[in-house]
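Visitor: One structure, as structure tokens, below. Some questions next.
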Amino acid sequence: MNEVETPLLGGTANRGLVVRVRDTVRRPIRASSPSVHAVLRHLESVGFEGAPRFLDVDAQGREVLSYLPGETVTPPYPAWAMTDAALDSVAILLREYHAAVADFPAAGFSWLEPVPPAYVDGLISHNDPNLDNIVFRDGVAVALIDFDLAGPGSALWDVAAAVRLWAPLRPDADIHDARRGRTHSRLRRFADTYGLDEPDRHRLVEATAANHLWCMDYVRRGAANGHRWFHERWTTGEADLTTRTNTWFTHQTPALQAALLQ
């Protein structure tokens with residue numbers, strides 16, 4: 001009996017390849033998938049509810065994960081997703097994930113995309129807390145999805161990745177929603193809500209700029225290697241936005257640092 005497959009929207013690397021079947025999600029397997037499955041099993045074993053469960057591999061060779069009901073944030077962004085309350089809930093979810101994954105043994109696994117060594121302390125960070133990789137219910141972030149880029153990193157690296165996207169940290173002219181003009185206050189708010197410690201707070205702006213370079217290089221390489229959706233993304237504005245944002249970080253770092261530490 002054929003099961004109904006409903007495509008799930010969002011994402012770039014697996015666009016068009018992720019489907020819902022009843023209360024499960026089917027996704028492509030990668031070389032690093034066994035490592036990701038081990039992380040998901042660990043999160044289940046410690047009772048962390050904010051991630052999908054790994055269930056099986058189906059007859060088509062796809063990983064089978066539990067479906068997490070709720071909403072992800074895709075364009076056009078809903079007003080509730082741009083609020084400080086939503087931002088706070090992302091910071092809290094990320095902190096809870098880091099506590100749950102803290103004792104996962106990282107040695108002996110293979111991962112997809114290495115994090116710069118300066119931001120690796122052994123914690124398995126999610127590394128891609130994009131707007132469409134977080135599930136919300138009633139405006140509150142409740143789960144992380146898409147662990148494809150997970151691997152040895154640090155809490156600082158994940159906070160940098162999240163605040164870069166959720167504040168967001170980019171030129172005001174490239175922010176086209178209610179977050180425009182609020183970069184500094186949202187940066188500070190995220191760090192405060194997460195409870196970032198003093199040493200990491202002093203490194204956060206530097207880490208965010210490094211995370212931008214890391215992420216955009218991943219997209220650029222995907223485009224160069226012929227990935228259809230990475231190529232479309234890179235050639236329809238992402239390359240120019242990357243250059244503008246790199247320049248912006250160069251000029252704005254002192255102001256961002258001051259906003260974070262005041």
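The values are calculated or read from the model by the stated rules, or taken from the named source; none is laboratory data. Bear in mind that the values here come from a model prediction, so they are computed numbers and not experimental data. Here the Cβ positions follow ideal geometry from the backbone for every residue, glycine too, while neighbour counts run over all protein chains shown.
Visitor: Any idea which of 38, 85, 59 is assigned by TED's automatic domain parsing to the domain that holds residue 106 and either surrounded by fewer than 17 Cβ atoms within 10 Å (Cβ to Cβ) or of a type outside the set (Ser, Thr, Tyr) (or both)? Break it down into steps so the answer makes sense when it comes.
Guide: Numbers: 38 fails: assigned by TED's automatic domain parsing to the domain that holds residue 106; 59 fails: assigned by TED's automatic domain parsing to the domain that holds residue 106.
That would be 85, the only listed residue that is assigned by TED's automatic domain parsing to the domain that holds residue 106 and either surrounded by fewer than 17 Cβ atoms within 10 Å (Cβ to Cβ) or of a type outside the set (Ser, Thr, Tyr) (or both).
Visitor: Return yes or no: is residue 153 farther than 27 Å from residue 24 by Cα, touching a Leu at 6+ places or on another chain (Cβ under 8 Å) and not aliphatic (A, V, I, L, M)? Even if it seems obvious, please write down each step before you answer.
Guide: Numbers: farther than 27 Å from residue 24 by Cα: yes; touching a Leu at 6+ places or on another chain (Cβ under 8 Å): yes; not aliphatic (A, V, I, L, M): yes.
So residue 153 passes the test.
Visitor: How about region 179-212: which of its residues are more than 17 Å from residue 245 (Cβ to Cβ), among the hydrophobic types (A, V, I, L, M, F, W, C) and touching an Asp or Glu at 6+ places or on another chain (Cβ under 9 Å)?
Guide: Those that are more than 17 Å from residue 245 (Cβ to Cβ), among the hydrophobic types (A, V, I, L, M, F, W, C) and touching an Asp or Glu at 6+ places or on another chain (Cβ under 9 Å): 190, 191.
Visitor: Go through region 247-262 residue by residue and tally those that are assigned to a helix (DSSP H, G or I) and over 14 Å from residue 170 (Cα atoms).
Guide: So the first thing to find is which residues in region 247-262 are assigned to a helix (DSSP H, G or I), and the list is 247-261.
Cutting the leftovers down to over 14 Å from residue 170 (Cα atoms) gives us 254, 257-261.
So the count comes out to 6.
Visitor: Take region 97-121 and flag every residue that is part of a helix (DSSP H, G or I) and surrounded by 15 or more Cβ atoms within 10 Å (Cβ to Cβ).
Guide: Looking only at region 97-121, we keep the residues that are part of a helix (DSSP H, G or I), and these are 97-101, 117-119.
Listed by number, the residues that qualify are 97, 98, 100, 101, 119.
Visitor: Being in a helix (DSSP H, G or I) and at pLDDT 95 or above narrows it down to one residue among 180, 244; which is it?
Guide: Of 180, 244, the one residue that is in a helix (DSSP H, G or I) and at pLDDT 95 or above is 244.
Visitor: Look at residue 186 and say whether it is more than 13 Å from the chain's Cα centre (by Cα), part of a loop (DSSP other than H, G, I, E, B), within 25 Å of residue 72 (Cβ to Cβ) and of a type in the set (D, E, K, R).
Guide: Criteria not met by residue 186.
Visitor: Checking the conditions here, which among 41, 53 is within 22 Å of residue 136 (Cβ to Cβ) and basic (Lys, Arg)?
Guide: Answer to the selection: 53.
Visitor: Can you tell me which residue within region 9-35, out of those that are in contact with a Phe, Trp or Tyr (Cβ under 9 Å, 6 or more places away or on another chain) and of a type in the set (A, V, I, L, M, F, W, C), is surrounded by the most Cβ atoms within 10 Å (Cβ to Cβ)?
Guide: 25
Visitor: Looking at region 210-222, can you tell me whether even one residue there is part of a helix (DSSP H, G or I), in the same structural domain as residue 188 (by TED's automatic domain parsing), of a type in the set (A, V, I, L, M, F, W, C) and touching a Ser or Thr at 6+ places or on another chain (Cβ under 6 Å)? Outline the logic, then answer.
Guide: Quick first cut of region 210-222, residues part of a helix (DSSP H, G or I) only: 210-222.
Of the ones still in play, those that are also in the same structural domain as residue 188 (by TED's automatic domain parsing) are 210-222.
The next check asks that each one be of a type in the set (A, V, I, L, M, F, W, C); those that pass are 210, 213-216, 219.
Among the residues that remain, those that are also touching a Ser or Thr at 6+ places or on another chain (Cβ under 6 Å) are: 216.
Checked region 210-222: at least one residue is part of a helix (DSSP H, G or I), in the same structural domain as residue 188 (by TED's automatic domain parsing), of a type in the set (A, V, I, L, M, F, W, C) and touching a Ser or Thr at 6+ places or on another chain (Cβ under 6 Å).
Visitor: Given the options 143, 162, name the one that is at pLDDT 95 or above and either within 10 Å of the chain's Cα centre (by Cα) or in a helix (DSSP H, G or I) (or both).
Guide: 162
Visitor: For residue 96, state whether it is at pLDDT below 95 and outside the structural domain of residue 14 (by TED's automatic domain parsing).
Guide: Spelling it out, it is not the case that residue 96 is at pLDDT below 95 and outside the structural domain of residue 14 (by TED's automatic domain parsing).
Visitor: Still on this structure, please answer the following. Hey, any hits in region 149-165 for a residue that's buried (at least 20 other Cβ atoms within 10 Å of the Cβ) and either farther than 25 Å from residue 50 by Cα or basic (Lys, Arg) (or both)?
Guide: Yes, because at least one residue in region 149-165 is buried (at least 20 other Cβ atoms within 10 Å of the Cβ) and either farther than 25 Å from residue 50 by Cα or basic (Lys, Arg) (or both).
Visitor: Sort out which residues of region 189-217 are of a type outside the set (A, V, I, L, M, F, W, C) and touching a Leu at 6+ places or on another chain (Cβ under 8 Å), and write them in order of number. Break it down stepwise before answering.
Guide: Residues of region 189-217 that are of a type outside the set (A, V, I, L, M, F, W, C), as a first pass: 189, 192-195, 197-203, 206, 208, 211-212, 217.
Residues satisfying the conditions are 189, 193, 194, 200, 201, 202, 203, 208, 212.
Visitor: Which number in (1) surrounded by 15 or more Cβ atoms within 10 Å (Cβ to Cβ); (2) outside the structural domain of residue 112 (by TED's automatic domain parsing); (3) of a type outside the set (D, E, K, R) marks the one condition that residue 90 misses?
Guide: Unmet condition: (2).
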